[in-house]
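The values are calculated or read from the model by the stated rules, or taken from the named source; none is laboratory data. Values in this document were obtained by computation on a predicted structure and should not be read as measured data. Cβ: placed from backbone, ideal geometry, glycine included. Neighbour counts: every protein chain shown. The area values use the complete protein model at the heavy-atom level, side chains included, leaving out ligands, DNA and RNA. Shrake-Rupley method; radii C 1.70, N 1.55, O 1.52, S 1.80 Å.
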Amino acid sequence: MGHNRCSLPTSLSFLIFSAIYVFSQGPAMGLPLYTNSRWIVDEDGNRVKLACVNWPSHLEPVVAEGLSKQPLNSISKKIVSMGFNCVRFTWPLFLATNNSLASLTVRQSFQRLGLVEAIAGIQVNNPSVLDLSLIQAFQVVVSNLGDNNVMVILDNHISKPGWCCSRNDENGFFGDRYFDPELWIKGLTRMATLFNGTSAVVGMSLRNELRGPKQTVSAWYRYMQRGAEAVHSANPNILVILSGLNFDKDFTFLLNQPISLTFTGKLVFEAHWYAFSDGQSWATGNPNQVCGTVAGNLMRTAGFLLDKGYPLFLSEWGVDQRGANVNDNRFLNCMIGVAAEFDLDWALWTLTGNYYLREGVIGMDETYGILNWDWCDARNSSFLQKISVLQSPLQGPGISESRPFKIIFHPATGLCVVRKSLFEPLQLGSCAESDQWSYTPQENLVIKGTYLCLQANDVGKPAKLGVICTGSNSKWVETSDSKMHLSTSLENGNTVCLDVDDSTKTIVTTPCACLKRDNQCDPGSQWFKIVNVTRTPCTIKTPAQTIGLLPEGYLCQSGEQLSIQNM
Ligand SMILES: *[C@@H]1O[C@H](CO)[C@@H](O)[C@H](O)[C@H]1NC(C)=O
Ligand SMILES: *[C@@H]1O[C@H](CO)[C@@H](O)[C@H](O)[C@H]1NC(C)=O
Ligand SMILES: *[C@@H]1O[C@H](CO)[C@@H](O)[C@H](O)[C@H]1NC(C)=O
Ligand SMILES: *[C@@H]1O[C@H](CO)[C@@H](O)[C@H](O)[C@H]1NC(C)=O
């Protein structure tokens, strides 16, 4: 076991020559956080978007995964460099309620499981953690995340340490063998108290994925309300985050009976959304139809909470990062479109490169993990690019608020339709460099402040900008069940859809692909989403080397000076 230090990222040379434009998150957030209708905001009322990654610490060893692979501080810095501002940090209830578990040292915990290699790895990478107790090791991770300006949401993931979650694992609902409601409230209280005053801890997820044969609506109200009150009185600073029923997919009961709490401004709901939540539907069905149906279900069972004035935290979603799982790939494009459209707060599953021990397997590789096996690099940089738009706030209150406009977002790449210059065809580019579009009642897509509208030219040809916008080829309709095809009619009457030329990234129009029925074809390249934006892109995130290359005198639309974030 050597000193597995990570080498410099291979993408560094790329970074040196390119500034990355992002939508402004505004100044450093003022913690604690509050809610303002469906938005999470800081003390000054500025929106703070949770762009989190889940970091598991609830499996049998009860130690944050990865500490045998890389130094804690390197992992925290990696999280920041990948664009996340927050970690949903999981813990098993018994860590807070069983003192003989909580007081085991990290070394003892691995020893009892026979994980000698993990001990050797921690000895190398995080020697100071090895003889801390499990609860101290948990606190050390929280504290290091805080030192790196990463917000933390403590997630009570399960009771008995181990992989989660199945319907019959006896950890699923109040009254299950390992889920005594009184013990749960005691554990929540202890955890909330322990982190009272730790400003990095901004919220607690009270219980992950309620599920199983015992679940009832009446028990949900009885215990979730008590749990919420207990957490709030132990720690009035944190957001109280509540799961729905049926693996965090169902909140419809709230339509009939509102939740009743003594406090306001702190309540958030969390939902989970995976491809496999719908079996193999994505792979076996037509992606437009599945996206329309499944996204519609999500809005009906959970998304309606936004309209009721609550933030909805999509606290688990994720895909196989290797890109070979058709079910996951089709889901991902649809999901990214929905998350951008509603500008949801979210947490990706998962940070993990590999697990110390999962379901009996030592060192199991996590194909849904954002880090690779040695916890050094992103498993898949194209995935990071795809989710980068979701990492910045597009809407919401605060000083960066601007007049509303639209971007034309392409979920398959994470890029937007942009005009690089007057003389070049429209291309895919960074969404923060996008012109401000409007989508008019006449179904024209117009660049605000100009007469220029998007027009189709011919099949397979670049789309263009024109000034006579009355023709059929200037009317764009959100077609198909997914509403993600943008179709128009050529002068000869043929219908075409907006698309991307794979090699040049030029915006073209091609025959609309697999609008319905066909389950063999993937329409991802033709999927665009017209997304509402009410914030100005005015931050450039860049390595220090590029500062001299930035445009001078650049002003944000709202009149703020450009701010430069060093990476
Ligand atoms: C508490 O933790 C210890 C150490 O893991 C374990 O042996 C014991 O069974 C646990 N007690 C309960 C009540 O879960
Ligand atoms: C939590 O911390 C606040 C200060 O931030 C303090 O006023 C309060 O008494 C603490 N609550 C408990 C239950 O310790
Ligand atoms: C990354 O994801 C893309 C798209 O899903 C896939 O084509 C590619 O093979 C993946 N790369 C790696 C290294 O897994
Ligand atoms: C986008 O904005 C339009 C009006 O500008 C509004 O009707 C629509 O509901 C908004 N969509 C979302 C998802 O917020």
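Scanning the stretch 374-395 for residues that are part of a helix (DSSP H, G or I) and either within 16 Å of ligand 2 (Cβ to nearest atom) or not β-branched (Val, Ile, Thr) (or both) turns up 381, 382, 383, 384, 385, 386, 388, 390, 391.
Residue check: is residue 124 aliphatic (A, V, I, L, M), more than 28 Å from the chain's Cα centre (by Cα) and assigned to a helix (DSSP H, G or I)? In short, yes.
Taken over the stretch 73-102, the residue count meeting the criterion of being open to solvent by 10 Å² or more (accessible area, probe 1.4 Å) and hydroxyl-bearing (Ser, Thr, Tyr) is 4. Within the stretch 445-466, being part of a strand (DSSP E or B) and either outside the structural domain of residue 491 (by TED's automatic domain parsing) or open to solvent by 30 Å² or more (accessible area, probe 1.4 Å) (or both) holds for 462, 464, 465. Taking the criterion of being within 16 Å of ligand 3 (Cβ to nearest atom) and touching a helix residue (DSSP H, G or I) at 6+ places or on another chain (Cβ under 9 Å), the residues of the stretch 343-371 that qualify are 348, 368, 370, 371. The residue that is modelled with the highest pLDDT, counting only those in the stretch 500-540 that are buried (at least 20 other Cβ atoms within 10 Å of the Cβ) and basic (Lys, Arg), is 529. Does residue 105 fit the bill of being touching a residue at least 40 places away in the same chain (Cβ under 8 Å) and assigned by TED's automatic domain parsing to the domain that holds residue 235? When the stated conditions are applied, residue 105 does not pass them.
Per this entry, residue 426 is not counted among residues that are away from ligand 4 (no atom under 15 Å from the Cβ), in the same structural domain as residue 440 (by TED's automatic domain parsing), among the aliphatic types (A, V, I, L, M) and within 21 Å of the chain's Cα centre (by Cα).
Tallying residues that are outside any loop (DSSP other than H, G, I, E, B) and open to solvent by 50 Å² or more (accessible area, probe 1.4 Å) within the stretch 206-228 yields 4. The criterion of at least 3 residues that are more than 29 Å from residue 235 (Cβ to Cβ) and open to solvent by less than 10 Å² (accessible area, probe 1.4 Å) is met by the following helices (runs of 4 or more DSSP H) wholly inside the stretch 251-360: 287-298, 326-341.
Within the stretch 396-413, being assigned to a loop (DSSP other than H, G, I, E, B) and either within 16 Å of ligand 2 (Cβ to nearest atom) or at pLDDT below 95 (or both) holds for 396, 397, 398, 399, 400.
Between 162, 187, the distinction of being of a type outside the set (D, E, K, R), out of contact with any helix residue (DSSP H, G or I) (no Cβ under 8 Å at 6 or more places or on another chain) and open to solvent by less than 10 Å² (accessible area, probe 1.4 Å) belongs to 162 only. So if I check each of 332, 371, 344, which one is within 25 Å of residue 243 (Cβ to Cβ), in the same structural domain as residue 52 (by TED's automatic domain parsing) and away from ligand 4 (no atom under 16 Å from the Cβ)? Selected residue: 332, the only one of 332, 371, 344 that is within 25 Å of residue 243 (Cβ to Cβ), in the same structural domain as residue 52 (by TED's automatic domain parsing) and away from ligand 4 (no atom under 16 Å from the Cβ).
Is there a residue being closer than 29 Å to residue 209 by Cα, in contact with a Lys or Arg (Cβ under 6 Å, 6 or more places away or on another chain) and more than 16 Å from ligand 3 (Cβ to nearest atom) anywhere in the stretch 44-58? Among the residues of the stretch 44-58, at least one is closer than 29 Å to residue 209 by Cα, in contact with a Lys or Arg (Cβ under 6 Å, 6 or more places away or on another chain) and more than 16 Å from ligand 3 (Cβ to nearest atom), which makes the answer yes. Screening the candidates 203, 146 for the property of being part of a helix (DSSP H, G or I), away from ligand 1 (no atom under 16 Å from the Cβ) and out of contact with any helix residue (DSSP H, G or I) (no Cβ under 7 Å at 6 or more places or on another chain) yields one hit, 146.
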